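A.B. asks: I am attaching a structure below and will ask some questions about it afterwards.
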Amino acid sequence: MERFYVTTPIYYVNDTPHIGHVYTTVAADILARFNRLLGRRVFFLTGTDEHGQKVQKAAQERGLSPKEHADIMVQNFKTLWKRMNISNDAFIRTTDKEHIEVVQKILQRLYEKGEIVKRPYKGWYCTPDERFWTEKELVDGRCPDCGRAVEEIEEDNYFFLMSKYQDALIRHIEKNPQYILPETRRNEVMGFLKSRPLGDLCISRPKKRLTWGITLPFDDEYVTYVWFDALLNYYSATRYLAPQDGEVSWWPADHHIVGKDILTTHAVYWSTMLMALDMPLPKNIFAHGWWTVDGRKMSKSLGNVVDPFEVVENYGVDSFRYFLFREVTFGLDGDFSINALVNRINSDLANDLGNLVSRCLAMARKYFDSVVPEPTLTEEEIKSLAESIVDRMKRHLETLSFQKALDEIWMLVSTLNKYIDTKQPWSLAKSPEDSSELKNIIYTILEGIRFLSIYIYPFMPESALKILSALGMEDSIKKPVLKEAKWGGLRPGTKLKKMGALFPRITKEQKKEKGKSTDEEEIVSEDNYIRIDEFAKVDLRIGKVLEAERIQGSNKLLRLIVDIGEKRQVVAGIGKAYSPEELVGKLVVVVSNLKPAKLMGVESQGMLLAAGTDNEIAIISPEKDVPAGVRVK
RNA sequence: GCCGGUGUAGCUCAGUUGGUAAGAGCAUGCGGCUCAUAUCCGCAGAGUCGGGGGUUCGAAUCCCUCCACCGGCACCA
């Protein structure tokens, strides 16, 4: 039997689930459900990543062991997936005993093959943060995260020799255009791979700093770097969570669905790891886009993080699932807003689909007492449209073009609505002699709706089941109905069941009642203003440029010495608009209390105010002569 | 800065290898129907296909250039 293996990333167990997690996971769910209907043997995997510093720290703060902490946190995801009707076949946790065994076995194998070697490693370590930084990452010689001092540490670590697979990976991507999708992401990865030599990957962390991880089998002083451990879940799950039947392996996966932020990790780290193991690469890695909310980046500080539980509570699982995949092309970024969601629900789901089902069942009830009539002929056009959709869906879903698949389905929705209008069954119902035509019409619509319900099932399983149940056929979805979707599956004589509105229209008033809205007005008033005391935190000073010179190797960075009552060295990115000579003697406005930063190795102890784009820049300068050092307010 | 991408009706976007493709959905206006969740169906708008130049018998679709925006990397306050 044909197999189909799809994965989501394993989510960091510390995270609070948001719309992004839902997006990836529902995408995988749609593929899984669709492929089951095609009669394929499906393994759909999701799970959690539970090792690493943050988990260890969070657990410590709560006075729990890391595992106890993870056991609690993992419920966030498990509950959400249940709520979202996710049909995952397994849920992997990187703390699973079996996973750990597989990871250790693989580490051992790579070590013995000489793919992992021990090397001295030099870096700057921030003790309070317990993490390493490279020279470049340092800000003013301090930890870029907390600003505290770092110490240079030299220690031995284990490296995976990733660099030697650089060329092989480039060739693989070139030969397999489907390997990384969408295309623009593949270009990025290629650009990344071709622009510079790939380094080796440090895959160990000494236990003196991090204990919450998988111990290296060949050196128990170290644990494994979390990514190395995490990526292997895709394989380890096939060894103990996938249905074990016969010799056939579930590996390689058909699709790894990931967010664009972790594409490099998958496209480069994971791919080369597999190469080193002489294992086949997955058939496809698909990086999808991000959701903004009301046009803004989602962030905790803005308070606009979309809580999936809330959306589902207010608008329903299926509406949410539908919106995510109809509104935006999978792979591009999209914008989530309650307005957009409600528009989709009302126009596509309530008006088009829901109303179609409703009017059709109503007619069947009125004209045939809710019994499926026996047709005397087949409407060939509708039949062939209905039957042909599965092929196009298949094609579109192979490249994860969910939107296009939905468009195909909605062709049938609109065709059926038109058909009803043209045939005007209500007129026929008035003249009893036309009863056979009336039967044909009603049967055609009902059967069309049966097809629709099957097609929408991967996207909206709950609604699909409601419709099928009204048609008395809810069991049919348990079989691979799309393997051979034939017109005429609906049996004449079947008693139709009553059904409420599939997708009730949402009125403006209801929308307001649905609690926390993401309506523009409120957010603007709440978040676009800062208080005067917040502004006062910015210490702006008039400064006089004393010296200016270009920073070697940089196109637009200038090093300035500015007098703001004291001499400051400021690095400014205005080298394209100003020459050093014309700057000397100029009065400028400097943010004097900006945290120092290092640019091109030169420390900048402030920032010049300037307006404009990259090429067209104007420095802000006081209109009259004022002494250097005075405060701007 | 380098690399990649985008710029098409009010909005969101489709537009294979250049030639009846200037399109869809939503929104708007008008008309029709009444089975239906004030739903459905039909018709309409005219957008110099970012600007300019070029190739061609012919370009939204190829080439050059400019502008704007986005993404990746890099030296991103």
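The values are calculated or read from the model by the stated rules, or taken from the named source; none is laboratory data. Worth saying up front: this structure is predicted, and the values here are computed from it rather than measured. Positions of Cβ are generated from backbone atoms using ideal geometry, with glycine treated the same way; all protein chains shown enter the neighbour counts. The accessibility values were calculated without ligands, DNA or RNA, using every heavy atom of the protein model including side chains. Shrake-Rupley method; radii C 1.70, N 1.55, O 1.52, S 1.80 Å.
A.B. asks: Counting only residues that are β-branched (Val, Ile, Thr) and assigned to a strand (DSSP E or B), which one in segment A:278-322 is most open to solvent (accessible area, probe 1.4 Å)?
C.D. replies: A:Thr292
A.B. asks: Just checking, does segment A:247-259 include any residue being of a type in the set (D, E, K, R), part of a loop (DSSP other than H, G, I, E, B) and surrounded by 16 or more Cβ atoms within 10 Å (Cβ to Cβ)?
C.D. replies: Yes, the conditions are met somewhere in segment A:247-259.
A.B. asks: Going by the structure shown, is A:Asn440 within 15 Å of RNA strand B (Cβ to nearest atom) and not hydrophobic (A, V, I, L, M, F, W, C)?
C.D. replies: no
A.B. asks: In addition: Which residues, taken from segment A:350-361, are open to solvent by 10 Å² or more (accessible area, probe 1.4 Å), in contact with a helix residue (DSSP H, G or I) (Cβ under 7 Å, 6 or more places away or on another chain) and under 17 Å from A:Met460 (Cβ atoms)?
C.D. replies: Scanning segment A:350-361 gives a single hit, A:Asp352.
A.B. asks: Taking only segment A:336-349 into account, find how many residues are surrounded by fewer than 21 Cβ atoms within 10 Å (Cβ to Cβ) and within 8 Å of RNA strand B (Cβ to nearest atom).
C.D. replies: The number of residues fulfilling the criteria is 4.
A.B. asks: Could you look through segment A:488-509, keep only residues that are in contact with a helix residue (DSSP H, G or I) (Cβ under 8 Å, 6 or more places away or on another chain) and open to solvent by 40 Å² or more (accessible area, probe 1.4 Å), and pick out the one that is farthest from A:Lys366 (Cα to Cα)?
C.D. replies: Looking at the filtered set, the residue picked out is A:Arg505.
A.B. asks: Which of (1) in contact with a Ser or Thr (Cβ under 8 Å, 6 or more places away or on another chain); (2) open to solvent by 20 Å² or more (accessible area, probe 1.4 Å); (3) in contact (Cβ under 8 Å) with a residue 60 or more places away in the chain; (4) not acidic (Asp, Glu) is the odd one out, the single condition A:Phe368 does not satisfy?
C.D. replies: Of the numbered conditions (1) in contact with a Ser or Thr (Cβ under 8 Å, 6 or more places away or on another chain); (2) open to solvent by 20 Å² or more (accessible area, probe 1.4 Å); (3) in contact (Cβ under 8 Å) with a residue 60 or more places away in the chain; (4) not acidic (Asp, Glu), the odd one out for A:Phe368 is (1).
A.B. asks: Within segment A:267-277, count every residue that is in contact (Cβ under 8 Å) with a residue 40 or more places away in the chain and open to solvent by less than 10 Å² (accessible area, probe 1.4 Å).
C.D. replies: The total comes to 7.
A.B. asks: Does segment A:415-442 hold any residues that are open to solvent by 10 Å² or more (accessible area, probe 1.4 Å) and closer than 21 Å to A:Ile389 by Cα, and which are they?
C.D. replies: A:Thr415, A:Asn417, A:Lys418, A:Tyr419
A.B. asks: When segment A:180-218 is examined, which residues are found to be buried (at least 16 other Cβ atoms within 10 Å of the Cβ), not basic (Lys, Arg) and not in a loop (DSSP other than H, G, I, E, B)?
C.D. replies: The answer is A:Ile180, A:Leu181, A:Glu188, A:Val189, A:Met190, A:Leu193, A:Leu201, A:Cys202, A:Ser204, A:Pro206, A:Thr215, A:Leu216.
A.B. asks: If you take the residues of segment A:417-437 that are among the small types (Gly, Ala, Ser) and in a helix (DSSP H, G or I), which of them is nearest to RNA strand B (Cβ to nearest atom)?
C.D. replies: Among those that are among the small types (Gly, Ala, Ser) and in a helix (DSSP H, G or I), it is A:Ser427.
A.B. asks: Still on this model: For segment A:574-584, which residues satisfy the criterion of being more than 20 Å from A:Gly629 (Cβ to Cβ), in contact (Cβ under 8 Å) with a residue 24 or more places away in the chain and either part of a strand (DSSP E or B) or open to solvent by 30 Å² or more (accessible area, probe 1.4 Å) (or both)?
C.D. replies: Answer for segment A:574-584, where residues must be more than 20 Å from A:Gly629 (Cβ to Cβ), in contact (Cβ under 8 Å) with a residue 24 or more places away in the chain and either part of a strand (DSSP E or B) or open to solvent by 30 Å² or more (accessible area, probe 1.4 Å) (or both): A:Lys576, A:Ala577, A:Tyr578, A:Glu581.
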